Structures are given as structure tokens and as C-alpha cells.
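Worksheet: the structure to be examined is printed underneath.
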2 protein chains.
Amino acid sequence: MAADTQTPLFIRMHERDNVAIVVNDGGLPAGTQFQNGLTLLEAVPQGHKVALIDIAKGDAITRYNVTIGYALAGIAAGSWIQEALVQLPPARELQNLPIANRKPPEMPALEGYTFQGFRNPDGSVGTRNILAITTTVQCVAGVVEYAVKRIKEELLPKFSNVDDVVGLEHTYGCGVAIDAPDAMIPIRTVRNISLNPNFGGQTMVVSLGCEKLQPTRLFPKSIIPIQTQTQEQAEPDVVCLQDAGHIGFQSMITSIMQTAEKHLIKLNQRQRETCPASELVVGVQCGGSDAFSGVTANPAVGYATDLLVRAGATVMFSEVTEVRDGIDQLTSRAATPEIAEAMIREMDWYDQYLKRGGVDRSANTTPGNKKGGLSNIVEKAMGSIVKSGSAAISGVLSPGEKLTQKGLIYAATPASDFICGTLQTAAGMNLHIFTTGRGTPYGLAAVPVIKVATRNDLARRWHDLMDINAGRIASGEATIEELGWELFHFMLEVASGKKTWAEYWKLHNALVLFNPAPIT
Amino acid sequence: MAADTQTPLFIRMHERDNVAIVVNDGGLPAGTQFQNGLTLLEAVPQGHKVALIDIAKGDAITRYNVTIGYALAGIAAGSWIQEALVQLPPARELQNLPIANRKPPEMPALEGYTFQGFRNPDGSVGTRNILAITTTVQCVAGVVEYAVKRIKEELLPKFSNVDDVVGLEHTYGCGVAIDAPDAMIPIRTVRNISLNPNFGGQTMVVSLGCEKLQPTRLFPKSIIPIQTQTQEQAEPDVVCLQDAGHIGFQSMITSIMQTAEKHLIKLNQRQRETCPASELVVGVQCGGSDAFSGVTANPAVGYATDLLVRAGATVMFSEVTEVRDGIDQLTSRAATPEIAEAMIREMDWYDQYLKRGGVDRSANTTPGNKKGGLSNIVEKAMGSIVKSGSAAISGVLSPGEKLTQKGLIYAATPASDFICGTLQTAAGMNLHIFTTGRGTPYGLAAVPVIKVATRNDLARRWHDLMDINAGRIASGEATIEELGWELFHFMLEVASGKKTWAEYWKLHNALVLFNPAPIT
Ligand SMILES: [Ca+2]
Ligand SMILES: [Ca+2]
Ligand SMILES: [Ca+2]
Ligand SMILES: [Ca+2]
Ligand SMILES: [Ca+2]
């Protein structure tokens, strides 16, 4: 790789690969000669694959040292490998996988790195100080939105240590088959989101009254928002709109505002303090991926993941359909056979779920992925998995579950950006890393999102939406290691209060629950 | 029924019923004697059922002249019929149903009723004049929300004929199995919502660029927002955030605002004009139901439905799980055998859909329904169906489809309030009627919602959220006919621009799509 971006460049991920991707902005024309002598037989767009050698019909097409497909016709060296030439291999069976057999590389502890966080009574640490108003049902969303506006205008200015007020609106709670086998997923997701460390144990609840998801079902007695061990067990504060005491709409707003003020007073007492990097709980995901995702941004995230794990922090990677084709790598990296089995269980559940709907994991790829050079889900998956770095996998979460341990965790979620972000929020993340090749203005209200661009061109055009430019790896201006360290330091800054671009513009997307159970 | 609400009162729906419901606010104590001599053996809450005669174990419990269940124990006359005493009957099989065999009552045409509406080039009529900004994918929601705020502050005040600017945000568009068999439901829903008559054919689109639901897929060439027959076929205006021309976040906002201004100019030329009542397209539904829903509000809506049909208007009723147990009544009322078959097809699809998720139609009822006196889905369904009045059923829509005819239409949707409202909006409704017994602050951004309370107590407490009080029927202050006419006149006023309470407070809930296909 060279700093001069005019030089024709390709990137091969592994010495055994028979294809590589074109690096240059705008792609390269037919006749272009690379330094190794290869000449393009046709124009190849940026991020798309070129055959490095002649590939016979039926031969494996190899990238990341993995068969990403089979040639549907003979492909001469220097040809553009278009999607239509690549046959998707069948999904890896879930039997006879390698189990916990790979020794992870040496991971010396990384000490001395800290950030300024909000420590909670239960020991967790927030990166933001937010009043959350959760809801049992969508019926109350309009009222909560009205109340949040009033709280922001009339109360929030009086509490300078509180960053924001967020209504946790969602579409669950009624009109759903709440006793269906899969209903536990959305229910525990709503429950666990309200326990996110950024809410400081002060989450309040607005309920309608007649909904299926009653406050006592959302928060059974044993599960109380973040608390000290010495604190009395207390029910969360619930404002119920149908309470007989509410006469007129403004009485509902008054109830919500009075309850909010109580919690704002408590949240305002929180102060940032020095916390070790081990208190970071980072969720990583990608969206709007291109062929550079697996070459620049995701490897840099993978490097930072290793740094975080070495520092004793927690990192979650997710997106079932994007690891399905690399399941053998992951079961192999599991710290114990039980963890490998849990990973297989999650893949199998998702296989069945997709099958019930008449599709398979190949439904994942998007027009943008393909335009960006990703031929199919296998190629996309190989580029996605690298976000997980190289540490042993020390735990597995089912969708909506809350973390109970540190290290590198596989949190099973759909790849859907907002569902993945919602489920990682429920798991307890206090910092979110999002890599993108095509570009997305993604943001969350509850947790800061650091967006990493895979290409210089995107970073240039979206200069006030992308927080980190990993495109410099492709153009030779930075190494994966350098970017990984840069990202690691940037995470500590954002965790300490530095605003991301999404926060600067106040851009955020709605929570989206994963509800595989029926609507009624 | 008497005007004096202190007199102990019950309501029996049909002379053959062996149960009736207690009318009085707060219920009635043990020992209460009714005018017919019946004495309560125990206290019975308001809206709950009392046995009118001794019912033996295993005997049918009859309300609305329908078996709503079987007695699980002997029940003495004057006893409270608690939910636990009622065994749910099996669902009516979908074979051997009566088909189009019931002659509807005489329905003389009702002429001369008009409202002031916005007539569209395609002949449809809006009741509001709204700029809609639809979206292909949730990724753009934060940006659209930012832009809508700016448009409302900076542009809307210049266009006095335009009522509002609405971002049609939803959670579909990417991270979904877009080629799954059931994916057509959410896709056509998003498409058809943007064609709602209240948007005057001026809906614009914000797209990300790499999403699965590309603008050309959402709006194929043949389907263009409302147009005249003489108009040139024109693509809808699309702002694509990933366009290479967008440098920096504010350039995206500028693009959206410039496009919005173009459409605001056109919308501002619209004027209300006198339109016959036949241009009303009314969606009726209920939510937060109690035992009074089927006694007061829903019968009044049913009466108004008949008035609308007589006036040549369109009325949709919906909520599959709430008509499933009365399917024989509906197939019987179908105008043709084909319409009856279409209704059976929708029921069967939903039966299978629920079965795949491990539940059945009994998953519908809520804690609030039960608290309100509804023992099970059969009893709830009988009270729900009466909203449809007595006309012949002249058409059936599948979820997300757009209306093509007038009269009484069965629009198959889940009972979930927001999904039903979203699908009726997609069908083309320009006015929404929502009855509630427990109370809900329900509102929609695109279509005015008239809320009808089933009980005096709710209407009193929620005096500035409920638009019509049908509780007066139970207390003898008004007849069903009187309330039906009152509602009919109120509909014409609201259609002409009068604000509902939800509009006054600017309360509205998010669109919720029905997506039975998998997430990826
Ligand atoms: Ca909103
Ligand atoms: Ca991804
Ligand atoms: Ca994703
Ligand atoms: Ca209903
Ligand atoms: Ca409903």
C-alpha cells in the first residue's frame, strides 16, 4: 500500500487468495497495470474484486483464505469478478464443528488506561447521565413525547449535571402474543434497556393501565433498576395514565413531570470520576457495508477490540447472519466447549427462525453491499467477523439478555442496525462502535455512537457525520494498528464526555425491538 | 334504562341471554335488588356479568345471543360470572360457513350531507392538508426528524393552507428478508400510506442509498403518488443522502428543505370545497375495550357506519382476532360468495400465522379487557363486530392493500391499535374512529382520530382526550340512534377541519408496520 492514491492498488487479504479488491477511488479502467504486472481486462469499480490468476469454471473463489463461492464460468486473470459469476456455497452445517480448539494469541494485560465515567451504586459505569422514561406500551408514546418536551424546556436547565431526557418508546406491550414462546425476547429487552448504566438506576416508567405488559410483569419484584446492596428493595416509580386520580390530560403531564423531577435531583448528584478502561462495555457492529469494511474499518475495530479485552473491558459482537458462515472460526475460538455449544444453539435458533419465514441467511445482503463489491453473505461475513479481533470468546448472550461477565462476548442479534443496537443497549453497553462503507447517519439516544468510515471518499464527504476515518488504511496513510490505537483513545475520550457527531447534531434513531412472536 | 344512575341497572343484549352486565359506576354490592327482582349474591364490578338465571355446570353462557363460553361450575342466579368460571369454546371451523345468505336490512340512500374537504386530482378527498416525507428505511429517520423540525419552524409559517409536515418514519427497509413471501405486506403498506388522500399527491421521499427497499422498489414506475389522468407520469421526488453531491450534513438538510418547499407551494394551493359525505373513508377500530364497548360505543359506531354506507361513503372495519369468533355472521353478511371466500382466506392466513408462533386467537385479550368485564375473546369479538353495523359487506382488503371501492369493507389487520391504524391509513382512510373503555390517548399524525368513550366515568375524567361520550347510552341519557347521529355529524365537522382532542394536544403515535416476514 502506498500513500500516493494515484498508483493502481489492490488489496489481497491472505496469500492464498485468488482475488483481491481494487482500492482506488472511482475504480480503475481496463488496461491498468499493477506493480506485480497484472493487467485489468476490463474496468473494475472501487471495492470490487479482480481475479489474480485464471480461475476455471467450478473452482473456488478464495478471499480471507475462505471459499466465498464457486466460479460459474471461467474467469481470466485481470477480470472483474461480478456477483453473477459467483455461486453461493451452502451454509456450514452445525454438526462436527471444531470446538474450543484454538489457542488465542498472547494477550498481555493493558494497564493504566482510564476515562471519566459516572459510577453507579451497583458498580456499573455510565458514559452519559440520562433520565430515561421507559414505557410499558406504545399507547403512551404521544403523552411521553409531550412530557419529555416539557421536561427538557422547564426542568432540565435546572440540572446541569444531567445530559438528556429520553423517552424509551417502543412498539411492544399490547396487541402482541405476550404468552408466545418467543415473547420473552422483547419483554426482557425492554426491561434490560431500562437498566442501562447510562440511566444511573433512575429509570421511571409510564404505563397506560390496561396493557398486556403490566409494570409488574416488566419489572418483577426481584428485578429492580440498578441499586446498591444496602438500598431497600424499591419498586420503580410508575405513572399510570388510567389511574382514577388523573382528571384531564394536564394532570397526567403533571404526574410525569413531578416524578421526573425527583429522579433528576438524584441524577444531578452524579459526578464523573476516574474509572479504569475495564469499565467500558462496547458494542460493535457494522451497517451499510462495502468491500472495504473487512479491509479497513472492521480490522481496525478488531485491533481495538483486542486492546479493550487486554484492558479488562467488555466487547460485544453480534449480527447472527454475518457470522453464520464463519461459525467454525468462532466455535474454534470459544474459551470453553459450553460457550461453543451456546454459539451453535444461537445459530440453530436463527436458522429455524429464517426457515419459518421462507428464507435463509443469504437474505442479509443489500443492494448497497453489492454495489460496494460484496458478492454474497459469505464474503460479507468474513469482513464482519474481523471486528471481533483475536481474543478467546468468553461468553454468549441470547437476544435481549443482560451481560453478567467481561471479556469478548458473542451477543446474538439480527444484523439489522437498529435491532442490533437496541439489543446491545439492553445487554448494558455504554459505548457503541459502528463501521460503515456506504454511509449512515445512525445514532442512539441512550448511548454514544462512534461511527467509523471505511473509505476516504466517504470520510471526506460526510466529514461532520463520521467520527473516525479508517479509509487511511487503504490509502497507506495509517496502519491497522495505528487506527486501532486511535480508536481506542477516541473511545476513552467519548466515554469521558466528548460528543460524537451524532450527538452534536442530536441525531438518533428509534429503538427497535426484536419480536419473533406474533402480533394479535 | 333510566336517567337516574343510582338505580341498580344491568344490560342484557338479547332476550335469550342468560347473563347481563352491571351498568352502575363502581359496580354494585351484594344484596342489591334489581327492578325485575333479581338479587346479587355477591358484589359485581361495573361492566362485569351477573347470572340472570341458575346456570348448571357445562351449560352455555349466552351473551349477544351467542355462546361466549361454558360454565366450569354451577352458577346461581345473582352470582358474579368471573373469568375463571368460563371455559373458552373452540374457534369456529372455517368449513361449512353460511355464505352470503343474509339479506341486509333496507338501507335507503341518505342524501344531502356534505363536508368541506380537499379534493385531489385523482378524485379522492383529503380531510387535512399535510406534507408527508416518506422514508425508504429507518436509517434516515434522525435526519428526517431534524429536517421536519426546521421545515416547521422556517417554511411552514409561510404556507397558511398547509396543516402540518409529517415524517413517515418506520422500522422497515433494511435488515429485513425483503424477498420473503410475506414481505409484500410491509412494502405495500409503506407505499400506500404515501398515497393517503390527506397528502394531496405531494409526498416526497428520503432514501439512504444502500438500503434494500430502494425508491424504485417502493415506487415502481406504474405506481405514482396521486395524479391526474392528464398529468405526465412523474417519479416521486427522492432525496438520497448517499448522493455524491452531498458534502456535509447540512447539505442533506438543504436538499430536503428545498424539495419540501416545492411541494409546500403546491399543497398551499389546495382549498377546502364542499364534498358529499360519500367521499368519507372511515376506518373504525377499538382498543382498551371493556364490557361497555359492545353495549354503548361500538353499537353507536355501528349505527353511524350504517348512516355512512347509506350516504355512499366507505367504512372499513378490521381486527382479525376480534372477528374470528363471529366469522359465520360475517360470511353470512357478505354481498357475494367471492367476498365471503376472501374473508375466510384472511381468517385462515391469520390462523396459520398465529399457529407458526405457537398461539391462537385467544392471545388477543388483555388484563384491562378482563378487568373491564370481558371474559374472553368470544365475548370481546361479539362486542367488537357491532362496529360494522348491519350493511352487506361489499369488499375485503388484505393487510396493506389500498381501497378500490366504496361501501362496507372488511380490511384484514391485526387488532393491535397502531398496526390497525397504520394499515387503515395505507388503505386510504381520511377519518379514524376509535372506541375505548379503559382509555387511551391514541392519535395519528396523518389522519384525524375521533375517540369515543364507552363509559361516563372515563368521559368525565378524560374530558379533554375523549371526543364523544357514548356512556350516556348506558345511563339512559341518549339512545344508540341518537349517539350514532351525533357521531355522524361530528365526523362531518372533523372532516371539515374541526380539531379532535388528539390534534389539539398534538398527540400522535408512531406508524407500526405489520411485517410477518423475518428480520435478518
Ligand atoms: Ca419521535
Ligand atoms: Ca453488519
Ligand atoms: Ca448491522
Ligand atoms: Ca379492538
Ligand atoms: Ca384495536
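The values are calculated or read from the model by the stated rules, or taken from the named source; none is laboratory data. All values reported here derive from a predicted model rather than from experimental measurement. Cβ placement follows ideal geometry from the backbone for every residue including glycine, while neighbour counts extend to all protein chains displayed. With ligands, DNA and RNA removed, areas are computed over all heavy atoms of the protein, side chains included. Shrake-Rupley method; radii C 1.70, N 1.55, O 1.52, S 1.80 Å.
Brief remarks on what is shown
- Exposed trypsin sites (Lys or Arg not before Pro) absent: longest stretch of chain B, with sites in DSSP loops and at most 11 other Cβ within 10 Å deemed exposed: B:222-520
- Accessible solvent surface per residue of the stretch B:293-504, calculated while the other protein chains remain in place, 1.4 angstrom probe, Å²: 25 Å²
- In chain B, the alpha-carbon atoms span a convex hull of 149 Å³ per residue.
- C-alpha long axis of helix A:337-356 to longest principal axis of chain A, angle in °: 90 degrees
- A:Leu408 long-range amide H proximity, modeled H, under 5 Å: A:Val315, A:Ser394
- Based on C-alpha pairs under 8 angstrom that are at least 6 apart in sequence, chain B has a relative contact order of 19 percent.
- Phi to ³J(HN,Hα) by Karplus 6.51 cos²θ - 1.76 cosθ + 1.60 over the stretch B:411-416, Hz, x for Gly, Pro: 9, 5, 8, x, 7, 2
- Reduction of at least 10 Å² in accessible surface, 1.4 Å probe, comparing all protein chains with the chain by itself, residues of the stretch B:237-264: B:Leu241, B:Gln242, B:Ala244, B:His246, B:Ile247, B:Gly248, B:Phe249, B:Gln250, B:Met252
- Eligible lysines near A:Lys57 by straight Cα distance, threshold 18 Å, same-chain separation 8 or greater: A:Lys49
- Extension gain from B:Ser251 to B:Gln95, taking 0.36 nm per residue of separation minus the Cα-Cα distance: 50.2 nm
- 0 to 90° range, to nearest 10: angle between helix B:297-310 axis and chain B longest Cα axis: 60 degrees
- Between copies, A:Asp122 shows label-point distances of 5.1 nm, shortest first, with the point placed 7 angstrom from Cα along Cα to C-beta.
- Measuring heavy-atom accessible area with a 1.4 angstrom probe and counting protein chains only, the residues of the stretch B:204-220 that give up at least 20 Å² relative to the chain alone are B:Leu208, B:Cys210, B:Lys212.
- Take the accessible area of chain A alone and of chain B alone, subtract that of the pair, and you get about 5200 Å² summed over both chains, using a 1.4 Å probe.
- Folded to 0 to 90 degrees: helix B:480-495 orientation relative to chain B principal axis, Cα: 10 degrees
- B:Met184 accessible area, assembled protein chains, probe 1.4 Å, Å²: 110 Å²
- Using the Cβ-Cβ distance between B:Glu153 and B:Thr216 with R0 set to 45 Å, the FRET efficiency works out to roughly 0.90.
- Proximity of backbone amide H atoms, modeled 1.01 Å from N, is registered between A:Phe115 and A:Cys275, A:Ala277 at under 5 Å, excluding neighbours fewer than 5 places apart on the same chain.
- Here the stretch A:115-273 carries DSSP beta bridges of which approximately 25% are antiparallel, counting only pairs with both residues inside.
- Counting only residues at least eight positions apart within a chain, or on another chain, the lysines with an alpha carbon under 20 Å from that of A:Lys498 are A:Lys451, A:Lys506.
- Cβ nearest the rotation axis (A onto B), residue from chain A and distance to the nearest whole Å: A:Arg356, 3
- Computed [θ] at 222 nm, deg cm²/dmol, chain A (DSSP H ≥ 4; -39,500 (n - 2.57); rounded to nearest 500): -8000 deg cm²/dmol
- For the stretch A:115-273, pairs of C-alpha atoms spaced more than 20 angstrom apart make up 49 percent of the total.
- Figure note: B:Ile151, A:Ile53 ranked by solvent-accessible area, largest first, 1.4 Å probe, ligands and nucleic acids not counted: A:Ile53, B:Ile151.
- Considering only the protein assembly as shown, percent of DSSP beta bridges that pair antiparallel, nearest 5: 40 percent
- Amide H contacts for A:Gly358 (H built 1.01 Å from N in the peptide plane; partners 5 or more residues away or on another chain; cut-off under 5 Å): none found.
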